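Chemist: Supplied in structure tokens, the structure appears directly below.
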Amino acid sequence: MQIARDILLRSYRSMRTIREFEERLHVEFATGEIPGFVHLYCGEEASGVGVCAHLTDTDTIASTHRGHGHCIAKGVGVDGMMAEIYGRQTGVCRGKGGSMHIADLSLGMLGANGIVGGGPPLICGAALSHKTLKDGAVAIAFYGDGASNEGSTLESLNLATVWNLPAVFVVEDNGYGEATGSSYACAGNQKDRAAGFGMPYFECDGNDFFSVYQTAGEAISHARNGNGPAMVHVHLARWYGHFEGDAMTYRAEGEVAELRADHDCLVNFRRRVTEAGLLEAAALDDVDMAVKDAVEAAVVAAKAAPLPVEDDLLKDVYVSY
Amino acid sequence: MSRKSFRQSINEALRQEMRRDPRVILMGEDVAGGRGGTSGVKDAWGGVLGVTKGLLTEFGEDRVLDTPITEASYIGAAAGAAATGLRPVAELMFVDFVGCCLDQIMNQAAKFRYMFGGKARTPLVIRAMYGAGFNAAAQHSQALYPLFTHIPGLKVVVPSSPYEAKGLLIEAIRDDDPVIFLENKVMYDDEEDVPDDPYTIPFGEANLTREGDDVTIVAFGRMVKFANEAADRLAKDGISCTVIDPRTTSPLDTGTILDCVADTGRLVIVDESSPRCNLATDVAALVAEEAFDALKAPIRRVCPPHTPVPFATVLENLYVPNTEKIVAAVRSVASYRMKEEA
């Protein structure tokens, strides 16, 4: 598999940005300065980035409550995201959505989502738009193993097939829906579910960017070429709790430490590209430095940004009323 | 009697009813937590905010059932189980998630009794958190009790304190109709003295938390606390208020509301839900229709604006009714003078 240098560099930058953004949020959240609920994507970076590497701004994605990574992978800027998470007027949703509702429709980012299983039906609609408007775009639903059991998700698999939609259903299977393991909560398996709806099933290792990139590429091509929907089952793990503040007592001692030590998608990526001579360590180091600065700048700017004002409360309930 | 939080009162009500009646079962997403986890720890969460902690340990996995994240199936299962012999308490976590399972509540559970000619009983309790104040944003902060109140066949409870929560939840579990029991998530750490033994508080009987001559304030759930604070502040300025906590929005104690308005002639209604077609409009319509002659001033409603719940703290604080807004509304009706009749 040949991947152009610029795609590799861009993907690494995205993954590194997600990691830096989330690790920083973990620290900042503990200070009590960040309002509301925050769900971190650390450990899952290769999934969002490996999928979105095949997309343009015309393509649509729908995300989940764990949405920061998908936003960054789809090109949403960290300044606007950080300001949003801090509830500032300069936030990408003007401080009215927060972490769970970051969206940028101009980039084809249909929103993080506070409702489990909220995204897949929306993605059927986005795919219908793309199909009807003949813009050549695809629509991608990211959802977790937890959401894979929701009626809304299963109905969407059916509808996407019935309507032969250019949709891809990406199951990010981190093994837990909140504090409950998917070994308990998910009956059968994702492969058979895809087969049950007559759509092709692809499977990949979410700790490995290359595995995700190649697999998602096949599924997206399938959908983009008018062959109907596909499912991509990404096996991965989250490094933090369901939300910040979750003590994760349901996970075995050392589980996360082992993931960090042996299954870090960024370490895997670096090793792979430097050993193969695709990218130089120095180039990756430069990215690391630049990303660190960018996230630092985003936090500083967010903290200094103006708060919403009273007028904002009543604004944008409707287009016209 | 001992000091208990809102959270502990609810937990105790569940525990005591589960001890009393083996048909009472609990289900919901992570009501225990940890099933299928790698640590083997059970009861890892005891509910997302710890309200059901410890119940798994006492009652086991057959009576405390963790569900997949599939609201339509388990809320529907709870309705079906209720109609066939169990007395389920199903937890919907955030009431906003009713969007995922409304059919099972609205078209199924609520309708069985009437639709089947009185031959069904559906002793179902659905517990859920509601309310703004946690920066939980638009999909985790709504106060949807008017939605349920609108549906015939459902009973709707909005407890205002730890004492109220325990007595009303036990009543809900013993009730043979589907009951929606809504807990304001900001109140879980509120404490007061609560009896240790089980007790019930009947539905449809309002509680007067303050009694006064000048203005009647009707408030729901968490808003009762703000109404009491407002009444205490206004008393110092010589304006005495009656505060009515209706406890249940369905059935609604219309008699007490009308009696109090007959005495004071002035009414302020405090409702945390969206202002259109909410409990405040419902009570205002009741009083306009039944107590028009008693009114000495226009009815005032203290509600949020007609917007989704905003995320940012500054906006959320503007959104939720508070003591200051109630004080201002009471002052405006207290000082109102009718124009002389021509």
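The values are calculated or read from the model by the stated rules, or taken from the named source; none is laboratory data. Fair warning: this is a prediction, and the values are worked out from it, not measured in the lab. Counting neighbours? That spans all protein chains shown, and the Cβs are built from the backbone with ideal geometry, glycine included.
Chemist: Taking the condition of being more than 9 Å from chain A (Cβ to nearest Cβ) and touching an Asp or Glu at 6+ places or on another chain (Cβ under 8 Å), how many residues in segment B:305-325 meet it?
Modeler: So the first thing to find is which residues in segment B:305-325 are more than 9 Å from chain A (Cβ to nearest Cβ), and the list is B:309, B:317, B:320-325.
Filter once more, keeping what is touching an Asp or Glu at 6+ places or on another chain (Cβ under 8 Å): B:309, B:320-321, B:323.
Selection size over segment B:305-325: 4.
Chemist: Please name all residue pairs, on different chains or six or more residues apart, with Cβ atoms under 9 Å, provided the first residue is in segment A:16-34 and is under 17 Å from A:Lys303 (Cβ atoms) and the second residue is in a loop (DSSP other than H, G, I, E, B) and polar (S, T, N, Q).
Modeler: A:Ile34/B:Asn135
Chemist: Please count how many residues of segment B:164-187 are within 17 Å of B:Gln8 (Cα to Cα) and assigned to a loop (DSSP other than H, G, I, E, B).
Modeler: Residues that pass the stated criteria total 0.
Chemist: Of the residues B:Phe112, B:Phe97, which is touching an Asp or Glu at 6+ places or on another chain (Cβ under 6 Å) and not small (Gly, Ala, Ser)?
Modeler: Values: B:Phe112 fails: touching an Asp or Glu at 6+ places or on another chain (Cβ under 6 Å).
None of the others qualify; the one that does is B:Phe97.
Chemist: When the residues of segment A:26-49 are narrowed to those that are acidic (Asp, Glu) and crowded, with 19+ Cβ neighbours inside 10 Å, which ends up nearest to A:Gly69 (Cα to Cα)? Steps first, answer last, please.
Modeler: From segment A:26-49, those acidic (Asp, Glu) are A:28, A:33, A:44-45; that's our starting set.
Going one step further and asking which of them are crowded, with 19+ Cβ neighbours inside 10 Å, we end up with A:28, A:44-45.
Values: A:Glu28: 17, A:Glu44: 8, A:Glu45: 6 Å.
My answer is A:Glu45.
Chemist: Given (1) surrounded by 20 or more Cβ atoms within 10 Å (Cβ to Cβ); (2) of a type in the set (A, V, I, L, M); (3) within 14 Å of chain B (Cβ to nearest Cβ), where does A:Ala247 come up short, assuming only one miss?
Modeler: Only one criterion in (1) surrounded by 20 or more Cβ atoms within 10 Å (Cβ to Cβ); (2) of a type in the set (A, V, I, L, M); (3) within 14 Å of chain B (Cβ to nearest Cβ) is unmet by A:Ala247, namely (1).
Chemist: Mind telling me which of the residues B:Val215, B:Val186 ends up being at negative phi and crowded, with 24+ Cβ neighbours inside 10 Å? Give the derivation first.
Modeler: Details: B:Val186 fails: crowded, with 24+ Cβ neighbours inside 10 Å.
Result of the check over B:Val215, B:Val186: B:Val215.
Chemist: Same structure again: Does any residue of segment B:257-269 turn out to be under 20 Å from B:His150 (Cβ atoms) and of a type outside the set (Phe, Trp, Tyr)? Talk me through it step by step, then tell me what you get.
Modeler: Here is the first cut: in segment B:257-269, the ones under 20 Å from B:His150 (Cβ atoms) are B:257, B:269.
If we keep only those that are of a type outside the set (Phe, Trp, Tyr) as well, we get B:257, B:269.
Among the residues of segment B:257-269, at least one is under 20 Å from B:His150 (Cβ atoms) and of a type outside the set (Phe, Trp, Tyr), which makes the answer yes.
Chemist: If we scan segment B:197-207, do we find a residue that is without any contact (Cβ under 8 Å) to a residue 60 or more places away in the chain, surrounded by 24 or more Cβ atoms within 10 Å (Cβ to Cβ) and not assigned by TED's automatic domain parsing to the domain that holds B:Ala137?
Modeler: Scanning segment B:197-207 turns up no residue that is without any contact (Cβ under 8 Å) to a residue 60 or more places away in the chain, surrounded by 24 or more Cβ atoms within 10 Å (Cβ to Cβ) and not assigned by TED's automatic domain parsing to the domain that holds B:Ala137.
Chemist: Looking at segment A:243-278 only, could you name the residues that are assigned to a loop (DSSP other than H, G, I, E, B), of a type in the set (A, V, I, L, M, F, W, C) and closer than 22 Å to A:Glu23 by Cβ? Give the derivation first.
Modeler: The initial filter retains those residues of segment A:243-278 that are assigned to a loop (DSSP other than H, G, I, E, B), namely A:243-254, A:263-264, A:276-278.
Going one step further and asking which of them are of a type in the set (A, V, I, L, M, F, W, C), we end up with A:243, A:247-248, A:252, A:276, A:278.
Selection gives A:Phe243, A:Ala247, A:Met248.
Chemist: A further question on this structure: Report, by residue number, each residue of segment A:232-256 that is of a type in the set (Lys, Arg) and closer than 20 Å to A:Phe29 by Cα.
Modeler: Of all residues in segment A:232-256, those of a type in the set (Lys, Arg) come to A:238, A:251.
Selection gives A:Arg238 alone.
Chemist: Got at least one residue in segment B:282-295 being of a type in the set (A, V, I, L, M, F, W, C), part of a helix (DSSP H, G or I), buried (at least 22 other Cβ atoms within 10 Å of the Cβ) and touching a residue at least 40 places away in the same chain (Cβ under 8 Å)?
Modeler: We begin by selecting, within segment B:282-295, every residue of a type in the set (A, V, I, L, M, F, W, C); these are B:283-288, B:291-292, B:294-295.
Among the residues that remain, those that are also part of a helix (DSSP H, G or I) are: B:283-288, B:292, B:294.
Next, from what is left, pick out any that are buried (at least 22 other Cβ atoms within 10 Å of the Cβ): B:283, B:287.
Pick out the ones that are also touching a residue at least 40 places away in the same chain (Cβ under 8 Å) and you get B:283.
Taking every residue of segment B:282-295 in turn, at least one turns out to be of a type in the set (A, V, I, L, M, F, W, C), part of a helix (DSSP H, G or I), buried (at least 22 other Cβ atoms within 10 Å of the Cβ) and touching a residue at least 40 places away in the same chain (Cβ under 8 Å).
Chemist: While we're looking at this one, here's another question. Given the conditions (1) surrounded by fewer than 23 Cβ atoms within 10 Å (Cβ to Cβ); (2) more than 10 Å from chain A (Cβ to nearest Cβ); (3) under 27 Å from A:Ala112 (Cα atoms), which single one is not true for B:Phe116?
Modeler: The failed condition is (3).
Chemist: Turning to a different aspect of this structure: Kindly check whether there is at least one residue in segment A:67-81 that is part of a helix (DSSP H, G or I) and more than 15 Å from the chain's Cα centre (by Cα). Steps first, please.
Modeler: Initially, segment A:67-81 is screened for residues part of a helix (DSSP H, G or I), giving A:68-73, A:78-81.
In the following step, the residues that additionally are more than 15 Å from the chain's Cα centre (by Cα) were identified as A:79-80.
Scanning segment A:67-81 turns up at least one residue that is part of a helix (DSSP H, G or I) and more than 15 Å from the chain's Cα centre (by Cα).
Chemist: State whether one or more residues within segment A:173-196 are in contact with a Phe, Trp or Tyr (Cβ under 9 Å, 6 or more places away or on another chain), over 22 Å from B:Glu29 (Cβ atoms), acidic (Asp, Glu) and away from chain B (no Cβ under 14 Å).
Modeler: Checking segment A:173-196: at least one residue is in contact with a Phe, Trp or Tyr (Cβ under 9 Å, 6 or more places away or on another chain), over 22 Å from B:Glu29 (Cβ atoms), acidic (Asp, Glu) and away from chain B (no Cβ under 14 Å).
Chemist: Same structure, new question: Just to be sure I understand the filter: pairs with C-beta atoms under 6 Å, separated by 6 or more residues or on different chains, first member in segment A:86-102 and touching a residue at least 40 places away in the same chain (Cβ under 8 Å) and more than 7 Å from chain B (Cβ to nearest Cβ), second member crowded, with 24+ Cβ neighbours inside 10 Å and β-branched (Val, Ile, Thr). Which pairs pass?
Modeler: A:Ser99/A:Ile85
Chemist: Which residue, of A:Ala290, A:Ala283, A:Ala302, A:Ala298, is within 14 Å of chain B (Cβ to nearest Cβ), assigned to a helix (DSSP H, G or I) and not charged (D, E, K, R)? Can you show your working first?
Modeler: On the way: A:Ala290 fails: within 14 Å of chain B (Cβ to nearest Cβ); A:Ala283 fails: within 14 Å of chain B (Cβ to nearest Cβ); A:Ala298 fails: within 14 Å of chain B (Cβ to nearest Cβ).
Among A:Ala290, A:Ala283, A:Ala302, A:Ala298, only A:Ala302 is within 14 Å of chain B (Cβ to nearest Cβ), assigned to a helix (DSSP H, G or I) and not charged (D, E, K, R).
Chemist: Next question. Against the definition (within 11 Å of chain B (Cβ to nearest Cβ) and at negative phi), how does A:Gly217 come out, yes or no?
Modeler: no
Chemist: Let me ask you something else. For segment B:294-342, give me each residue that is farther than 17 Å from B:Leu267 by Cα and of a type in the set (Lys, Arg).
Modeler: Scanning segment B:294-342 gives a single hit, B:Lys339.
Chemist: Which fully enclosed helices (runs of 4 or more DSSP H) of segment B:1-112 have 1 or more residues being closer than 22 Å to A:Thr153 by Cα and not basic (Lys, Arg)? Write out each step before concluding.
Modeler: Values: elements: B:6-20, B:55-59, B:71-82.
Here the list reads B:71-82.
Chemist: Another question, if that's okay. Going by what's in this entry, would A:His233 be described as touching a strand residue (DSSP E or B) at 6+ places or on another chain (Cβ under 8 Å) and either closer than 19 Å to A:Cys204 by Cα or among the basic types (Lys, Arg) (or both)? Before you say what the answer is, go through the steps one by one.
Modeler: Details: touching a strand residue (DSSP E or B) at 6+ places or on another chain (Cβ under 8 Å): yes; either closer than 19 Å to A:Cys204 by Cα or among the basic types (Lys, Arg) (or both): yes.
Yes; evaluated as a whole, the condition is true for this residue.
Chemist: So, one more: Would you confirm whether or not segment B:302-314 contains a residue that is in a loop (DSSP other than H, G, I, E, B), in contact with a Cys (Cβ under 9 Å, 6 or more places away or on another chain) and among the hydrophobic types (A, V, I, L, M, F, W, C)?
Modeler: Let us first name the residues in segment B:302-314 that are in a loop (DSSP other than H, G, I, E, B), namely B:303-312.
Of the ones still in play, those that are also in contact with a Cys (Cβ under 9 Å, 6 or more places away or on another chain) are B:311.
Okay, now just the ones that are also among the hydrophobic types (A, V, I, L, M, F, W, C), so B:311.
Scanning segment B:302-314, I find at least one residue that is in a loop (DSSP other than H, G, I, E, B), in contact with a Cys (Cβ under 9 Å, 6 or more places away or on another chain) and among the hydrophobic types (A, V, I, L, M, F, W, C), so the answer is yes.
Chemist: For A:Glu28, work out the one condition from (1) within 16 Å of A:Phe210 (Cβ to Cβ); (2) at pLDDT 95 or above it doesn't fulfil.
Modeler: Failing condition for A:Glu28: (1).
Chemist: From A:Gly95, A:Gly114, grab the single residue that is modelled with pLDDT of 95 or more and within 19 Å of B:Phe94 (Cβ to Cβ).
Modeler: Details: A:Gly95 fails: within 19 Å of B:Phe94 (Cβ to Cβ).
Unique residue meeting the criteria: A:Gly114.
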